[in-house]
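The values are calculated or read from the model by the stated rules, or taken from the named source; none is laboratory data. Since we're looking at a predicted model, the values are computed, not measured. Because the Cβ atoms are built from the backbone with ideal geometry, glycine has one as well, and the counts that use them run over all protein chains shown. What goes into the accessible areas is simple: the full protein's heavy atoms, side chains included, and nothing from ligands, DNA or RNA. Shrake-Rupley method; radii C 1.70, N 1.55, O 1.52, S 1.80 Å.
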Amino acid sequence: MNPWKKWFGSKEPLENTVPELDTDNIPNHVAVIMDGNGRWAQKRGLPRVAGHHSGMKNVKKITMAANEIGVKVLTLYAFSTENWKRPREEVDYLMKLPLEFFPKEIDELIQNNVQIRMTGWEEGLPEYTLKAVRDAIELTRNNTGLILNFALNYGSRKEMLLGMKKMMEDIGQGRLSMNDVDDQAFSRYLLTSDLPDPDLMIRTSGELRISNFMLWQLAYSELWFTDAFWPEFTENHFFEAIKEYQRRARRYGGL
Ligand code: V0D
């Protein structure tokens, strides 16, 4: 039995059921590239979109696990600016996922004090997708638990270039001095200006790349990769990633 399942809803301290997890050193911000949904489906002779649907169901499971152990921010890369190049039917299907996710999951997320946010650009998204996302954000605005941050229509180079242009404009207009330009100052021009940098980045499906995801923000993050496709990524994978993060932090601290 999955130790997480055994523990969930019980009164046991988490340390007793997920041994080796140091509950005093949980990463604040975990970011995930949820890769391999299409390949998971094709492997089973299913259409790629069946993998996306299965992947959506996994979002709540991992959100609950992250929330329970005290992660503050969980960023999930749901749709990149490059994903528009995919076949039209696949993009159309993906854009409907927030509409399906919303009525199914919102009550439980609210009950668990989860706050939904989005990192990305609204331009280009269909009106119905935007409405579902905005409604989810609005309904959870006052929640104080885990921030579930969907990276949606997001790309890191575009984010940095737009931020750089805005910063240069502020310098040109005298609102910012060139002398004050440093890491912190530039971070304020990014879409993630109100979030801490990720402590840990997880990518599923065996790909060992960052793929234009939070390039600036991941500068000092621990990276963890697994061959598991996103639909088969379990709470146990998640805890393994966090345990490895904690082992690395201890080694680093020991120096
Ligand atoms: C497909 C696996 C939830 C990765 C997860 C529009 C790719 C399922 C959402 C979602 C997607 C986003 C915002 C929101 C509520 C739900 C989602 C997309 C893709 C792209 F407010 N899953 N999900 N959005 N996939």
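Here are some notes:
- Estimated distance in nm for a label pair at Asp182 and Glu12, the labels positioned 7 Å out from Cα along Cα-to-Cβ: 4.8 nm
- Ordering of 60-66, 78-84 by burial proxy (mean other Cβ atoms within 10 Å per residue, highest first): 60-66, 78-84
- Centroid-to-centroid separation of segment 215-240 and segment 114-142 [C-alpha atoms, Å]: 24 Å
- Length added when fully stretched, Tyr220-Lys158, from 0.36 nm per residue minus Cα-Cα: 20.3 nm
- Hydrodynamic radius of segment 147-223 per Kirkwood, over alpha carbon pairs, in Å: 13.9 Å
- In this label model, Arg44 and Glu82 are separated by 2.6 nm, measuring between points 7 Å along each Cα→Cβ vector.
- Estimated FRET transfer efficiency (Arg209, Arg134; beta-carbon r; R0 45 Å; 0.05): 0.90
- Comparing mean-square fluctuations of Val49, Val114, Val181 from a GNM of the chain with C-alpha springs under 10 Å, the top value falls on Val181.
- Shape class for segment 67-190: oblate, because the ratio a/c of the largest to smallest gyration tensor axis (alpha-carbon atoms, square roots of eigenvalues) is 1.5 or more and b/c is at least a/b.
- Accessible surface of segment 64-164, 1.4 Å probe, proportion on carbon and sulfur as whole %: 55 percent
- Of the whole protein surface, Ser221 contributes about 20 Å² of accessible area at a 1.4 Å probe radius.
- Average accessible area per residue (Å²) across segment 1-155 - probe 1.4 Å, nucleic acids and ligands excluded: 48 Å²
- Area of Arg251 that stays accessible when all protein chains are in place (1.4 Å probe, Å², to 10): 150 Å²
- Cβ crowding within 10 Å averaged over residues, with 70-77, 101-108 ranked highest first: 70-77, 101-108
- Equivalent ellipsoid semi-axes - Cα gyration tensor, the chain, angstrom: 29, 25, 18
- Each principal axis of the Cα cloud of segment 1-128 was evaluated for its coordinate range; sorted largest first, these ranges are 48, 34, 25 Å.
- Per-residue ³J(HN,Hα) for segment 154-160, Karplus 6.51 cos²θ - 1.76 cosθ + 1.60, θ = phi - 60°, Hz, x for Gly and Pro: 10, x, 6, 5, 4, 4, 5
- When peptides 227-239, 164-176 are ranked by their average number of other Cβ atoms within 10 Å per residue, the highest-first order is 227-239, 164-176.
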